Amino acid sequence: MKRLFTLNCLLLLFSCSTDNNGVSEDEANAAYTFAPLVYTITEHSAAGTAIGTVSVIDPGMADLTYTIDTDLDILIDETTGELTVGENLILDFETENSLQFSVSVFDGAQIVDGSATLNITDVLEYEILSEEQRAFIDYYKYLTLWQSPTSALQNRTSRWEEPIKLYLDGNISGQFRTGVATVLEEYNAIFAESDFNITLVETLEESNTHLYFGNTEDIEPLWPDMFALIDGNSFSGYALTSKNNSVLRNSRIWVSTTISILFKHELGHALGFGHSDRCETENSFMCSNVDPSHIFLDEERRILAYAYANDIPAGLSEAEIEMIIANRLLLDGPSL
């Protein structure tokens, strides 16, 4: 922020001394010096929160004007020197636990500059969340740790680190290909802020995910291990995905109908998500009883975006989910 005043004359300050106890040469030659410019604030403090007040030692009778020089959104009252949190100031202990900025004071004759430090203290983010935000994290854990009774419980999350390259196989019609492309567009819109995406490829050799459209009996010669799981059951689709240390590597998906929600559901499994419990009234796309009325819920779009954000790793435990996702929710805003 540029200084809010203009000097009418050029003031030349001379000094033979060096910096002493954090006091600059300008400060040492001035008629007054700053009181210690070290402040402390709790991370995630809201806009308008008081940081402290810039004050000077022995200012005499001068009327002082305070200014701040920083790219950080820290505000200063030019009359009182009070510092407050601006709307866009990010206070995240996990990212940076100390911020530096400069302040100046003008007494009508000279300017004194000082370097200030704002120390950020850590908090347990999960404990300060709203009830709605905690419910979101509970659902995040439910899906990513496969906590549904119809899913195989996991103690750590799984995700792809490389983009999915999907190969279509089987009885592929134009209608089916169009349905697949539409589903991928929906997913990729969710991943828009990430390096991760899902694309179609033309050969099996360049793919890491194989989608087969056909009847149950077609699976027996193609994937005997999957056929052993679906034979005699009422499944209309299935997904098997291999992983290494919670990182998903390749996937095989089978669907038996052109209904796009079935592919969307099985792709959800391939991405590392278990079944949902939002089924009676909310019609989640991850409900075990797949139905054409099922959709991405708003919470699920956000869960998918967080799970595949560039800075969210695979292999998170329940406690790590609470810590990392709580921090992300607070940084993104107070409401979902």
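Per 0.36 nm of contour for each residue apart, how much would the distance between residue 193 and residue 77 grow if the chain were fully extended, relative to their Cα-Cα spacing?
Details: separation 116, 0.36 × 116 = 41.76 nm, distance 3.69 nm.
In short, 38.1 nm is gained.
Answer rounded, prolate or oblate for the stretch 173-241, using the Cα gyration tensor with square roots of eigenvalues a ≥ b ≥ c: rounded when a/c is under 1.5, else prolate when a/b is larger than b/c, else oblate.
Numbers: a/c = 1.97, a/b = 1.92, b/c = 1.03.
Taking the square roots of the gyration eigenvalues as a ≥ b ≥ c, the stretch 173-241 is prolate.
Taking R0 as 30 Å, what's the FRET efficiency between residue 134 and residue 69 from their Cβ-Cβ distance, rounded to 0.05? Walk me through the numbers before you get to the answer.
Numbers: r = 40 Å, r/R0 = 1.34.
Step by step, r from the Cβ atoms, then E = 0.15.
How much of the accessible area of the chain, probe 1.4 Å, is carbon plus sulfur, in whole percent?
The C+S portion of the solvent-accessible surface of the chain is 48 percent.
At 18 Å minimum axial length over the Cα atoms and a Kyte-Doolittle cut of -0.5, report the qualifying DSSP H helices in the chain, or say none. It would help to have the intermediate numbers written out before the result.
Details: long enough: 131-144 (20 Å, -1.01); 174-190 (25 Å, 0.06); 318-332 (21 Å, 0.56).
Sorted by number, the helices that extend far enough and score high enough are 174-190, 318-332.
Could you give the size of the charge dipole of the stretch 54-119 about its Cα centre, using +1 on the Cβ of each K and R and -1 on the Cβ of each D and E, expressed in debye and rounded to the nearest 20?
Working: 0 positive and 14 negative charges, 39 e Å.
With Lys and Arg at +1 and Asp and Glu at -1, about 180 debye.
Working from the pairwise distances between different alpha carbons, so that the mean of 1/r is found and then inverted, what is the stretch 65-198's Kirkwood radius in Å?
Final number for the Kirkwood radius of the stretch 65-198 is 20.8 Å.
Taking R0 as 51 Å, what's the FRET efficiency between residue 49 and residue 222 from their Cβ-Cβ distance, rounded to 0.05? Numbers along the way, then the final one.
Details: r = 61 Å, r/R0 = 1.19.
With R0 = 51 Å, the Cβ-Cβ based efficiency is 0.25.
So which aspartates and glutamates can residue 165 reach, going by Cα to Cα under 13 Å and dropping same-chain residues fewer than 8 places off?
Qualifying aspartates and glutamates at Cα under 13 Å: 202, 205, 206.
When the distances between all Cα atoms of the stretch 287-336 are binned every 10 Å from zero, what whole-number percent does each bin get?
For the stretch 287-336, the binned pair fractions read 20, 47, 23, 9 percent.
To the nearest 20 Debye, how big is the dipole of the chain about its Cα centre, given +1 on the beta carbon of each Lys and Arg and -1 on that of each Asp and Glu?
Working: 16 positive and 53 negative charges, 188 e Å.
Rounded to the nearest 20 debye, it is 900 debye.
Return the tail of the calculated pair distribution for the stretch 61-105, meaning the percent of Cα-Cα pairs more than 16 Å apart.
Numbers: 432 of 990 pairs.
The calculated P(r) of the stretch 61-105 puts 44 percent of pairs beyond 16 Å.
Provide, as a two-decimal number, the C-alpha radius of gyration of the stretch 205-303 over 2.2 N^0.38 Å, N being how many residues it has.
The stretch 205-303 yields a ratio of 1.10.
The values are calculated or read from the model by the stated rules, or taken from the named source; none is laboratory data. Just so it is clear, the structure is predicted and the values come from calculations on it, not from any experiment. Ideal geometry is used to build each Cβ from the backbone, glycine not excepted, and the neighbour counts take in all protein chains shown. The protein model used for the area step is the full one, side chains on, heavy atoms only, and it has no ligands, DNA or RNA in it. Shrake-Rupley method; radii C 1.70, N 1.55, O 1.52, S 1.80 Å.
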